[in-house]
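Working notes for the structure below.
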Amino acid sequence: MRTPTSRIRNFSIIAHIDHGKSTLADRLLERTGAVTERDMKEQLLDTMDLERERGITIKAQAVRLDYRASDELDYVLNLIDTPGHVDFSYEVSRSLAACEGAVLLVDASQGVQAQTLANAYLAIEAGLEIVPVLNKIDLPAAEPEARAAELAGILGCEPDDVIKVSAKTGAGVGELLERLVTDIPAPVGKADDPLRALVFDSYFDAYRGVVCSVRVMDGSLAQGDTAWFLATRNRHDVAEIGVLKPVATPVSELGPGESGYLITGVKEIDQIRVGDTITHPNHTDVEPLPGYDEPKPMVFSGLFPTDGDDFERLREALEKLRLNDASLSWEPESSKALGFGFRVGFLGLLHMEIVRERLEREYDLDLVATAPSVAYRVTLSDGTEIEVKSPQDLPDSADRINLSEPFVRAMIITPAEFTGPVMELMQKRRGELDGMHYLTPERVELTYHVPLAEIVFDFFDILKSRTRGYASFDYDPDGYREADLVRVDILLAGSPVDAFSTITHRDNAYRYGRSMAEKLRELIPRQMFEVAIQAAIGSRIIARETVRAVRKDVTAKCYGGDITRKKKLLARQKEGKKRMKMVGTVEVPQDAFVAALRVDADD
Amino acid sequence: MRTTEAPDSPAVFDRAADRKSAYVHIPFCARVCPYCDFAVVGDRTDEMDRYVQAVVGEIGRDEPLAPLDAVFVGGGTPSLLPVGALARILAALAERHGIVDDPEITMEANPEDWTVSRGAGYLEEGLTRVSFGVQSTDPRVLLALGRRHGPREVGVAVASARRAGVPSVSVDLIFGHPVETEASWRRTLDEVVELEPDHVSTYALTVERGTPLSRWVAEGSPAPDPDVQAARWEQAVEILGRAGYIRYEVSNHARPGHHCRYNLGAWAGAEYAAYGLGAHGHRDGIRFRNVRSLDAYLDRIEAGESPRQGSEEVRGWEAEVERLFTGIRVAAGVNGGRAVEAFLDSEDGRRLAGLGVIGLVEGRLVVRQPLFTDAVARDVLGLLEMSS
């Protein structure tokens, strides 16, 4: 039995981390009877442990809510989940493409944050109806009136249009449900048109293979149909279609405006392209739905197993992760200092952190990660263009005629009192002010053009410390610009340590070289010989430190004949030395790689 | 007959491997020094007789080894032994294992305990070698080390031991306490050389866990500086070398014919019996140790039980590696063998050879830079991971 499109509402919730999206989703499920309070697993929509722990959502999912509105009519509300961070903006945008409306959920004490705003703009650009909601109005620190005015200013609506709820107590949730029905437009698809359904997500299920989340735009998709995937030009039989209520419930058919899941026989996630359009084999000429950009990795980091024997395990773990995360890409990389590993491409900083943590936690790997880098574009003397993702691959300046780096448009929202420190930080990071906009007299939105390389490492921590934790930050790709960049190499006892090489702006090269040499002097234990630590641009040394030689490494006597004890003591010390990497003749502690790359918070 | 062979000669060291010896531990001290982590008991010297009786009992119940080449009575403070006690212990050892002609019978002694009559008594009982716990002649260092003697007692003790006719006199020194200076260490060495002992041991002060010293350091007192200690070690080798003392082990220097036979045996992997609380022995491929507490030791012996607290088997490949592990402390170096070959062939061994830390001299593995002996020893232990 198909629901008429006039009774369907498809919507997402856009919210900052910790602003209560999952709690609100839970409350909506409860109110509509989709789950009883008793079997409610807290924060039902977030499935992965890591997501729950960090309070963020990565994978989009669609949940169907059956709701009888005050007009006594039954509606189907499809809640399409979105990730909260712009690292995953490609996931956000495809989730939004499956919706006609979005709830913009804002913490009534904290106000709107940069990431929320970035996603809200995405939704507005996609033509979605925005339903503004303030959450946590039960908290003593809540300032619903001021925040409502702020939201109204951003969205161009009246402060009274802002719904005030407490997802925790349930206050205001009834009003929100009504507004979903009244404010969000019904989908417009026609049942008689040829089928066009959007694949807005896919994930790998160990039992069922690849599961697609689909939104039918026109026509209908039925059990037993053959689905034709326009972009990949593949046909797959529909093994099962259904909706999540939130328990997977098979249905015979998905009509226009409906969302649900689709299972075919496909076992490899690579065979399904998110953003693809599904139709029937007799309509292969339909206009494809606007798809999505291929997720493009922006940040790269070398991941090396601490124990060289774990290389294959690392490869397997990456392959398993890719089953659910098609955006993950990597190529093998070998480092003289760190051995064999992979240069892994990430969508952004959060993505990098999550992947690294999952590898260590779920796959029990002990990893050394090199400093994140970005992809530089290099024009060689012969005119060919190459992309450089790893500092070691940068050709000598004599062999290239152009070197450019990726920029981003960074958006920072901060209390007005911290505008000065933020601007100072951005200037240090080679940022170029693009705009300044007072959201309220107390809160400023600053936009900058800034090299991605300047924000991939510890930028957010420093921004937070300069604004006492109040600033929020997000960014979008903003093209490439030529820049005066150099590679700084770090040499230990005369040999370069590839893991410490970095590409940086010439103006920052000395600072990097000096601070790295100083840090390494502290981190590298004294050896049996003097160790020179040098920073160099090409053959020119720009900084030098020395680790003095150990002079004495011997105990006075054998503890009155207790040779066993002495053996145990030295064996223990030898165990400690195993956590060292031999770089040429120099022993470097494993932690030094991580510690040396850590930037001081005071920058 | 005492030989006049150089203490660092390979022949002397290789011969030591086959000699048998015994260690006897006398734990009593008038006062426990703050840096000491040996098995010692202060304030219970009234138990001395009972203890000597127990040691004699332990010896009597032991399996015979072979005639002993050397006996080392260490402590604690063995010079607290009343006259007659040493004779009882030696008699028990002779009865159980036999003692060779011309043995080395060493006793450790504190300078302040040594009197002419006492020395004569010990000599009568069989003593051939005394090792004085001098530590320093700098009053400030002696005070900091918690010693009960002053510089004056040192001279008196060494001279009276000489006069009494003790065949071999050794002096133990401790260097590198933060209150010591380069000049005061030089003075100590010069003054000791002037006393003309036959043997000098120079030990770097080590902060051992669980000692008052380690607590003081943890609370902020200055710790010995290893760089300074390295310089002091070199100073000692130089001054003693010029005075005719040959360094034959990391911390030991002797005139020809005056190396410590007992110690050389221990470094060569020889077998030695061990008696008394906290004593460590090595026999039949087993390293073993006795209980450390006085009460537990006495109770066990008097109940007719074994005082053993634990033991490890060290045989085959492990014994070979261990022989290299201890042997590299000795200047003569370690005679070739499977472990030596394997080590020279290992990645660590090649690296150390490349750095000039170790070398092969007439088929013997020699540590050319003794101050890195533990660095070499750690890598030698890596051989244990090889199946042999």
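Somewhere in the range B:302-312, is a residue more than 21 Å from the chain's Cα centre (by Cα), more than 28 Å from residue B:60 (Cα to Cα) and either without any contact (Cβ under 8 Å) to a residue 24 or more places away in the chain or more than 9 Å from every other protein chain (Cβ to nearest Cβ) (or both)?
Looking for residues that are more than 21 Å from the chain's Cα centre (by Cα), more than 28 Å from residue B:60 (Cα to Cα) and either without any contact (Cβ under 8 Å) to a residue 24 or more places away in the chain or more than 9 Å from every other protein chain (Cβ to nearest Cβ) (or both), one finds none in the range B:302-312, hence no.
Looking only at the range B:307-321, which residues are touching a Lys or Arg at 6+ places or on another chain (Cβ under 7 Å) and not in a loop (DSSP other than H, G, I, E, B)?
Let us first name the residues in the range B:307-321 that are touching a Lys or Arg at 6+ places or on another chain (Cβ under 7 Å), namely B:307, B:309-312, B:314, B:320.
B:309, B:310, B:311, B:312, B:320 - these are the residues of the range B:307-321 that are touching a Lys or Arg at 6+ places or on another chain (Cβ under 7 Å) and not in a loop (DSSP other than H, G, I, E, B).
Are there strands (runs of 3 or more DSSP E) fully within the range A:126-222 with at least 1 residues that are in contact (Cβ under 8 Å) with a residue 40 or more places away in the chain, under 20 Å from residue A:107 (Cβ atoms) and in contact with a strand residue (DSSP E or B) (Cβ under 6 Å, 6 or more places away or on another chain)? List them.
Values: elements: A:129-135, A:196-205, A:209-218.
In the range A:126-222, the matching strands (runs of 3 or more DSSP E) lie at A:129-135.
Has the range B:170-181 got any residue that is within 14 Å of chain A (Cβ to nearest Cβ), at pLDDT below 95 and either in contact with a His (Cβ under 7 Å, 6 or more places away or on another chain) or at positive phi (or both)?
First, pick out the residues of the range B:170-181 that are within 14 Å of chain A (Cβ to nearest Cβ): B:170, B:172-177.
Keeping just the survivors that are at pLDDT below 95 gives none.
No, that holds for no residue.
Please verify whether residue B:212 is more than 21 Å from residue B:19 (Cβ to Cβ) and either within 12 Å of chain A (Cβ to nearest Cβ) or not hydroxyl-bearing (Ser, Thr, Tyr) (or both), treating the condition exactly as stated. Step through it out loud before you land on a result.
Working: more than 21 Å from residue B:19 (Cβ to Cβ): yes; either within 12 Å of chain A (Cβ to nearest Cβ) or not hydroxyl-bearing (Ser, Thr, Tyr) (or both): yes.
Spelling it out, residue B:212 is indeed more than 21 Å from residue B:19 (Cβ to Cβ) and either within 12 Å of chain A (Cβ to nearest Cβ) or not hydroxyl-bearing (Ser, Thr, Tyr) (or both).
What about residue A:232, is it surrounded by fewer than 22 Cβ atoms within 10 Å (Cβ to Cβ), at pLDDT below 90 and not assigned by TED's automatic domain parsing to the domain that holds residue A:63?
Details: surrounded by fewer than 22 Cβ atoms within 10 Å (Cβ to Cβ): yes; at pLDDT below 90: yes; not assigned by TED's automatic domain parsing to the domain that holds residue A:63: yes.
Against the criterion (surrounded by fewer than 22 Cβ atoms within 10 Å (Cβ to Cβ), at pLDDT below 90 and not assigned by TED's automatic domain parsing to the domain that holds residue A:63), residue A:232 qualifies.
What do you reckon, is residue B:248 modelled with pLDDT of 95 or more, of a type outside the set (D, E, K, R) and over 25 Å from residue B:39 (Cα atoms)? Give the steps one after another, and end with the answer.
Details: modelled with pLDDT of 95 or more: yes; of a type outside the set (D, E, K, R): yes; over 25 Å from residue B:39 (Cα atoms): yes.
So residue B:248 passes the test.
Among the residues of the range B:22-36 satisfying the criterion of being under 19 Å from residue B:307 (Cα atoms) and assigned to a strand (DSSP E or B), which is nearest to the other protein chains (Cβ to nearest Cβ)? Step through it out loud before you land on a result.
From the range B:22-36, those under 19 Å from residue B:307 (Cα atoms) are B:22-28; that's our starting set.
If we keep only those that are assigned to a strand (DSSP E or B) as well, we get B:22-26, B:28.
On the way: B:22: 11, B:23: 6, B:24: 12, B:25: 8, B:26: 12, B:28: 15 Å.
The residue in question is B:23.
Are any residues in the range B:322-347 in a loop (DSSP other than H, G, I, E, B) and either exposed (fewer than 14 other Cβ atoms within 10 Å of the Cβ) or away from chain A (no Cβ under 14 Å) (or both), and if so, which ones? Talk me through it step by step, then tell me what you get.
The first filter runs over the range B:322-347 and keeps only residues in a loop (DSSP other than H, G, I, E, B), leaving B:328-329, B:331-333, B:336-337, B:346.
Selection gives B:332, B:333, B:336, B:337.
Taking the residues in the range A:225-258 that are within 16 Å of residue A:2 (Cα to Cα) and in a strand (DSSP E or B) as candidates, determine which candidate is nearest to the chain's Cα centre (by Cα). Steps first, please.
Pass one, the range A:225-258, residues within 16 Å of residue A:2 (Cα to Cα): A:241-245, A:249-258.
Add one more test, that the residue is in a strand (DSSP E or B), and what stays is A:241-244, A:249-250, A:253-254.
Working: A:241: 30, A:242: 29, A:243: 27, A:244: 25, A:249: 31, A:250: 32, A:253: 34, A:254: 31 Å.
Per the stated criteria, the residue is A:244.
Among the residues in the range A:141-149, are any closer than 12 Å to residue A:15 by Cβ and crowded, with 23+ Cβ neighbours inside 10 Å? Break it down into steps so the answer makes sense when it comes.
Of the range A:141-149, the ones closer than 12 Å to residue A:15 by Cβ are none.
Within the range A:141-149, not a single residue is closer than 12 Å to residue A:15 by Cβ and crowded, with 23+ Cβ neighbours inside 10 Å.
Being in a strand (DSSP E or B), surrounded by 21 or more Cβ atoms within 10 Å (Cβ to Cβ) and within 14 Å of chain A (Cβ to nearest Cβ) is the requirement here; does residue B:39 meet it?
Answer is no for this residue.
Check whether at least one residue in the range B:252-262 is under 13 Å from the mean Cα position of the chain (by Cα), facing chain A (nearest Cβ under 10 Å) and in contact (Cβ under 8 Å) with a residue 40 or more places away in the chain, and report yes or no. Quick ask: steps written out before the conclusion?
Filtering the range B:252-262 down to residues under 13 Å from the mean Cα position of the chain (by Cα) leaves B:252-253, B:259-262.
Add one more test, that the residue is facing chain A (nearest Cβ under 10 Å), and what stays is B:252, B:262.
Now drop any that are not in contact (Cβ under 8 Å) with a residue 40 or more places away in the chain, which leaves B:252, B:262.
Among the residues of the range B:252-262, at least one is under 13 Å from the mean Cα position of the chain (by Cα), facing chain A (nearest Cβ under 10 Å) and in contact (Cβ under 8 Å) with a residue 40 or more places away in the chain, which makes the answer yes.
Just checking, does the range B:171-179 include any residue being more than 21 Å from residue B:112 (Cβ to Cβ) and either surrounded by fewer than 17 Cβ atoms within 10 Å (Cβ to Cβ) or not charged (D, E, K, R) (or both)?
Yes, there is a match, as at least one residue in the range B:171-179 is more than 21 Å from residue B:112 (Cβ to Cβ) and either surrounded by fewer than 17 Cβ atoms within 10 Å (Cβ to Cβ) or not charged (D, E, K, R) (or both).
Pick from the range A:525-566 the residues that are under 30 Å from residue A:485 (Cα atoms) and assigned to a loop (DSSP other than H, G, I, E, B): which of them is farthest from the other protein chains (Cβ to nearest Cβ)? Step through it out loud before you land on a result.
Applying the first criterion (under 30 Å from residue A:485 (Cα atoms)) to the range A:525-566 yields A:531-547.
Applying the additional criterion that residues be assigned to a loop (DSSP other than H, G, I, E, B) yields A:538-539.
Numbers: A:538: 29, A:539: 26 Å.
Result: A:538.
Restricting to the range B:215-235, name every residue that is farther than 22 Å from residue B:171 by Cα and away from chain A (no Cβ under 11 Å).
B:215, B:216, B:217, B:218, B:219, B:220, B:221, B:222, B:223
Looking for whichever is in contact with a Gly (Cβ under 8 Å, 6 or more places away or on another chain) and at pLDDT 95 or above here; the options are B:189, B:195. Which one fits?
Details: B:189 fails: in contact with a Gly (Cβ under 8 Å, 6 or more places away or on another chain).
Testing whether each residue is in contact with a Gly (Cβ under 8 Å, 6 or more places away or on another chain) and at pLDDT 95 or above leaves just B:195.
Considering only residues of the range B:348-388 that are of a type outside the set (A, V, I, L, M, F, W, C), facing chain A (nearest Cβ under 9 Å) and over 18 Å from residue A:569 (Cβ atoms), which is surrounded by the most Cβ atoms within 10 Å (Cβ to Cβ)? So that I can check it myself, show each step before the final result.
Just the residues of the range B:348-388 that are of a type outside the set (A, V, I, L, M, F, W, C), to begin with: B:348-351, B:354, B:356, B:359, B:362-364, B:368-370, B:373-374, B:378-379, B:382, B:385, B:387-388.
Of the ones still in play, those that are also facing chain A (nearest Cβ under 9 Å) are B:351, B:354, B:369-370, B:373-374, B:378-379, B:382.
Among the residues that remain, those that are also over 18 Å from residue A:569 (Cβ atoms) are: B:351, B:354, B:369-370.
Numbers: B:351: 15, B:354: 10, B:369: 18, B:370: 22.
Restricting to residues being of a type outside the set (A, V, I, L, M, F, W, C), facing chain A (nearest Cβ under 9 Å) and over 18 Å from residue A:569 (Cβ atoms), the top hit is B:370.
Tell me, which residue of the range B:282-301 that is in contact (Cβ under 8 Å) with a residue 60 or more places away in the chain and surrounded by fewer than 22 Cβ atoms within 10 Å (Cβ to Cβ) is farthest from the other protein chains (Cβ to nearest Cβ)?
The selected residue is B:298.
Can you confirm whether the range B:236-246 contains a residue that is under 26 Å from residue B:93 (Cβ atoms) and more than 13 Å from chain A (Cβ to nearest Cβ)? Before you say what the answer is, go through the steps one by one.
Going through the range B:236-246, the residues under 26 Å from residue B:93 (Cβ atoms) turn out to be none.
For the range B:236-246, residues under 26 Å from residue B:93 (Cβ atoms) and more than 13 Å from chain A (Cβ to nearest Cβ): absent.
Across the range A:403-423, which residue is nearest to the chain's Cα centre (by Cα) among those that are outside any strand (DSSP E or B) and within 29 Å of residue A:297 (Cα to Cα)? Give the derivation first.
So the first thing to find is which residues in the range A:403-423 are outside any strand (DSSP E or B), and the list is A:416-423.
Restricting the remaining residues to those that are within 29 Å of residue A:297 (Cα to Cα) gives A:422-423.
Values: A:422: 23, A:423: 25 Å.
Here the residue is A:422.
In the range A:296-319, what count of residues is obtained for those that are surrounded by 15 or more Cβ atoms within 10 Å (Cβ to Cβ) and touching a strand residue (DSSP E or B) at 6+ places or on another chain (Cβ under 9 Å)?
Result for the range A:296-319: 16.
Of all residues being buried (at least 20 other Cβ atoms within 10 Å of the Cβ) and charged (D, E, K, R) in the range A:202-224, which is farthest from residue A:6 (Cα to Cα)? Just the residue, please.
Selected residue: A:215.
Would you pick out the residues in the range B:279-301 that are closer than 16 Å to residue B:57 by Cα and not in a helix (DSSP H, G or I)? So that I can check it myself, show each step before the final result.
Filtering the range B:279-301 down to residues closer than 16 Å to residue B:57 by Cα leaves B:279, B:290-291, B:294-301.
Those that are closer than 16 Å to residue B:57 by Cα and not in a helix (DSSP H, G or I): B:279, B:290, B:291.
So, residue B:100, is that one outside any helix (DSSP H, G or I) and of a type in the set (Val, Ile, Thr) or not?
Numbers: outside any helix (DSSP H, G or I): yes; of a type in the set (Val, Ile, Thr): yes.
Taking the combined requirement at face value, the residue satisfies it.
The values are calculated or read from the model by the stated rules, or taken from the named source; none is laboratory data. Fair warning: this is a prediction, and the values are worked out from it, not measured in the lab. Using ideal geometry, Cβ is built from the backbone for each residue, glycine included, and neighbour counts are taken over all protein chains shown.
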